[in-house]
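Undergrad: Can you read through this structure? Questions will come right after.
The values are calculated or read from the model by the stated rules, or taken from the named source; none is laboratory data. For clarity, every value in this text was computed on a predicted model and none was experimentally measured. Using ideal geometry, Cβ is built from the backbone for each residue, glycine included, and neighbour counts are taken over all protein chains shown.
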Amino acid sequence: MKPVRLLVLGALRRRGRTHGYQIRADLESWGAHEWSTATSGSVYHALKSMAGQGLLAAYETSPSAVGGPPRIEYELTDKGEQEYFALLRRALADREPSLDVLGAAVGLIEDLSREQALQILRVRADAMRKWRTSITAHLPADADLDAWGPVGEVISLWLATADTGAEWTQRLIHRLEEGAFTMVGESSTSALSPTQPDR
């Protein structure tokens, strides 16, 4: 999965009917062009592509004042809404997505209910525990990975990735359980935490 599709759908859903320039500006304000593939060209390409797939409705507006072509505004269709939530859930549950995909999903996590987000992240945490177990299951109990040369380093990398990912996932689960963020269906005063520095 590429993050630009998830980011564009998420930004458009939050904005409502709008044009590509606004979506690009929103993503740039999030810094997405620095940590993902959501560059100017990829945003416009994603909008056109998803409109062609029926995920977005496209509307021509009046031509620009300087004589350019009509500006096109986009809006999520029901199919686009379903695709957005499917991508968001999949990115959060995946035990090893690329960091830009995971970053996009976490940045949009407030579009889920608190219970939905917790359920998905618990699935991810469980998958990471199983992955770590599968890595170590075939290792001898007295394995000295330093003596295994490059193969030992590969296994060490897998273990470090599994451990770090599991630790980060548990931290996010704990924060959500404690009331971090204002999730869908909650007002900023109804979240579980007495203070809300996250928004």
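Undergrad: Which number in (1) under 27 Å from A125 (Cα atoms); (2) more than 16 Å from the chain's Cα centre (by Cα) marks the one condition that E81 misses?
TA: (2)
Undergrad: Let me ask something else. Is it true that A117 is closer than 30 Å to R5 by Cα and surrounded by 15 or more Cβ atoms within 10 Å (Cβ to Cβ)?
TA: So A117 fits the description; yes.
Undergrad: State the number of residues belonging to segment 1-38 that are polar (S, T, N, Q) and assigned to a helix (DSSP H, G or I).
TA: The total comes to 2.
Undergrad: Please enumerate the residues belonging to segment 160-190 that are outside any helix (DSSP H, G or I) and among the charged types (D, E, K, R).
TA: E178, E186, listed by residue number.
Undergrad: Separate question: Just the residues that are surrounded by 14 or more Cβ atoms within 10 Å (Cβ to Cβ) and at pLDDT 90 or above, please, taken from segment 29-41.
TA: none
Undergrad: Something else about it: Which of the following residues is in a helix (DSSP H, G or I) and in contact with a strand residue (DSSP E or B) (Cβ under 6 Å, 6 or more places away or on another chain): A46, A125, A51, A105?
TA: Within the list A46, A125, A51, A105, the selection yields A51.
Undergrad: In addition: Report whether or not G152 is closer than 21 Å to T37 by Cα and outside the structural domain of M50 (by TED's automatic domain parsing).
TA: no
Undergrad: Among the candidates S62, S134, which residue alone is in the same structural domain as W30 (by TED's automatic domain parsing), more than 15 Å from the chain's Cα centre (by Cα) and more than 21 Å from T182 (Cα to Cα)?
TA: Just one listed residue meets the conditions, S62.
Undergrad: With the checklist (1) surrounded by fewer than 18 Cβ atoms within 10 Å (Cβ to Cβ); (2) outside any helix (DSSP H, G or I); (3) under 12 Å from the mean Cα position of the chain (by Cα) in hand, flag the one item E75 doesn't pass.
TA: (3)
Undergrad: Answer yes or no as to whether L47 is crowded, with 20+ Cβ neighbours inside 10 Å, touching a residue at least 40 places away in the same chain (Cβ under 8 Å) and closer than 24 Å to A25 by Cβ.
TA: no
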